[in-house]
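Here's the structure, in structure tokens; my notes come after.
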Amino acid sequence: MKRGSSHNLRMYLCYAIVISLHLCTWGTLRSQPNISNIEEMQSKAVDSVKSIRMAEMTWPDIKSAIEQGYTAVVVAVGSTEQHGPHLPTMTDTRIGDDLAHRVAMKLGHTLQAITITVGCSKHHLSFPGTISLRDETLRMIILDYIESLIRNGFNRIVFLPMHGGNFPIVQATLKEAQIAHQGIEIIGVTDITKLLVCMNAASAEFGINANESGAHAGESETSIMMALEKNLVIKDRFAPGYVGLTGEKELKIIFEQGMPALTKNGVLGDPRKASADKGEVYLDRLTEFLIQEIKKQSHQNQR
Ligand SMILES: [Zn+2]
């Protein structure tokens, strides 16, 4: 997540398990189920939905959940990019994944699809560990998610971008998908300005200004990661990065020259006032904000 003071431009800031073909083929051949086995497996599918994370579920359980009315699905769109010397590169992905889970739980009758873990992070590439997709790659991933989830039987698909650099492409791609898949509700909380207003309001309650709270790896993101992954936050490396105004001029510098032109340690903000307690509050507020935005969009679609 990114934040700063110039909302229009701030929006531009912010997998693979390798199994050998041999083992995979061998396993498939050994366990090839016949039709009666499939029927048996289906009959054993759980009656109640115990998990909503599809990545942790089996296909019979996912099928059973959809049949029980879990026809909505939430997907977070994260990033893999540097987050200063004190936060891990999975920060946006971890936060997005947690928020998507909270949102799905609160919405009810909603499953969570596996989070998109890499996003558009070109301006962070000079910091090791950053992996960036081209806009077109992210567009195609989102379209393929939508095609797959529709085939699965979902009729309401919600995307939650959690990294500033992903917002414009997620927004444009969902518009395209909405036209292509009439009758399927495709929703995205893609207004980063509103999300930042929500974050700013929470920071202000703690007496923390927007520049400290920060556009990238500042107080707010650090607080959330302390709440979620305290063992991955390196407190003795907390140091301010760029703490001035992040306006048009600064964003032009970042996008034309990359983050190091403005911040040597990769931080926009100051993590020194971060705490896990504040992180919990940010998570609650963000969850509530996302729920309200999803409901608003859903309401508009029904009109
Ligand atoms: Zn971030």
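The values are calculated or read from the model by the stated rules, or taken from the named source; none is laboratory data. Computed from a predicted model, the values in this text were never measured in an experiment. Virtual Cβ from ideal backbone geometry, glycine too; neighbours counted across all protein chains shown. We work out accessible area using only protein heavy atoms, side chains counted, and drop any ligands, DNA or RNA first. Shrake-Rupley method; radii C 1.70, N 1.55, O 1.52, S 1.80 Å.
With Glu221, Glu256, Glu212 as the choices, which residue is more than 15 Å from His86 (Cβ to Cβ), among the charged types (D, E, K, R) and in a helix (DSSP H, G or I)?
Details: Glu221 fails: more than 15 Å from His86 (Cβ to Cβ); Glu212 fails: more than 15 Å from His86 (Cβ to Cβ).
From the options Glu221, Glu256, Glu212, the qualifying one is Glu256.
Pairs, please: C-beta under 7 Å, at least 6 apart or cross-chain, first residue farther than 24 Å from Val158 by Cα and in the stretch 63-90, second part of a helix (DSSP H, G or I) and more than 14 Å from the ligand (Cβ to nearest atom)?
Between residues of the stretch 63-90 that are farther than 24 Å from Val158 by Cα and residues that are part of a helix (DSSP H, G or I) and more than 14 Å from the ligand (Cβ to nearest atom), the close pairs are Pro85/Arg237; His86/Arg237.
Are any of the residues in the stretch 62-72 assigned to a loop (DSSP other than H, G, I, E, B) and charged (D, E, K, R)? If you could, list the steps in order and put the result at the bottom.
Filtering the stretch 62-72 for residues assigned to a loop (DSSP other than H, G, I, E, B) gives 68-71.
Filter again for charged (D, E, K, R), leaving none.
The answer is no, given that none of the residues of the stretch 62-72 is assigned to a loop (DSSP other than H, G, I, E, B) and charged (D, E, K, R).
From Gly165, Gly214, which residue is over 18 Å from the mean Cα position of the chain (by Cα), within 16 Å of the ligand (Cβ to nearest atom) and either under 23 Å from Ala104 (Cβ atoms) or of a type outside the set (A, V, I, L, M, F, W, C) (or both)?
Working: Gly165 fails: over 18 Å from the mean Cα position of the chain (by Cα).
The match here is Gly214.
In the stretch 209-225, which residue that is in contact with a strand residue (DSSP E or B) (Cβ under 9 Å, 6 or more places away or on another chain) and not hydroxyl-bearing (Ser, Thr, Tyr) is most open to solvent (accessible area, probe 1.4 Å)? Working first, answer last.
In the first step, residues of the stretch 209-225 are kept if they are in contact with a strand residue (DSSP E or B) (Cβ under 9 Å, 6 or more places away or on another chain); the result is 211, 214-218, 221-222, 225.
From what is left, the residues that are not hydroxyl-bearing (Ser, Thr, Tyr) are 211, 214-218, 221, 225.
On the way: Asn211: 47, Gly214: 4, Ala215: 3, His216: 0, Ala217: 0, Gly218: 1, Glu221: 4, Met225: 0 Å².
Filtering the stretch 209-225 for residues that are in contact with a strand residue (DSSP E or B) (Cβ under 9 Å, 6 or more places away or on another chain) and not hydroxyl-bearing (Ser, Thr, Tyr), the one most open to solvent (accessible area, probe 1.4 Å) comes out as Asn211.
Return yes or no: is Arg151 part of a helix (DSSP H, G or I), surrounded by 15 or more Cβ atoms within 10 Å (Cβ to Cβ) and basic (Lys, Arg)? Outline the logic, then answer.
On the way: part of a helix (DSSP H, G or I): yes; surrounded by 15 or more Cβ atoms within 10 Å (Cβ to Cβ): no; basic (Lys, Arg): yes.
Spelling it out, it is not the case that Arg151 is part of a helix (DSSP H, G or I), surrounded by 15 or more Cβ atoms within 10 Å (Cβ to Cβ) and basic (Lys, Arg).
Since Gly78 meets every condition but one in (1) open to solvent by 10 Å² or more (accessible area, probe 1.4 Å); (2) within 11 Å of the ligand (Cβ to nearest atom); (3) of a type outside the set (Asp, Glu), which condition does it not meet?
With respect to (1) open to solvent by 10 Å² or more (accessible area, probe 1.4 Å); (2) within 11 Å of the ligand (Cβ to nearest atom); (3) of a type outside the set (Asp, Glu), Gly78 is out only on (1).
Just checking, which of Thr93, Thr137 is under 27 Å from Ala215 (Cα atoms), in a helix (DSSP H, G or I) and away from the ligand (no atom under 16 Å from the Cβ)? First the steps, then the outcome.
Values: Thr93 fails: away from the ligand (no atom under 16 Å from the Cβ).
None of the other options fit; the residue is Thr137.
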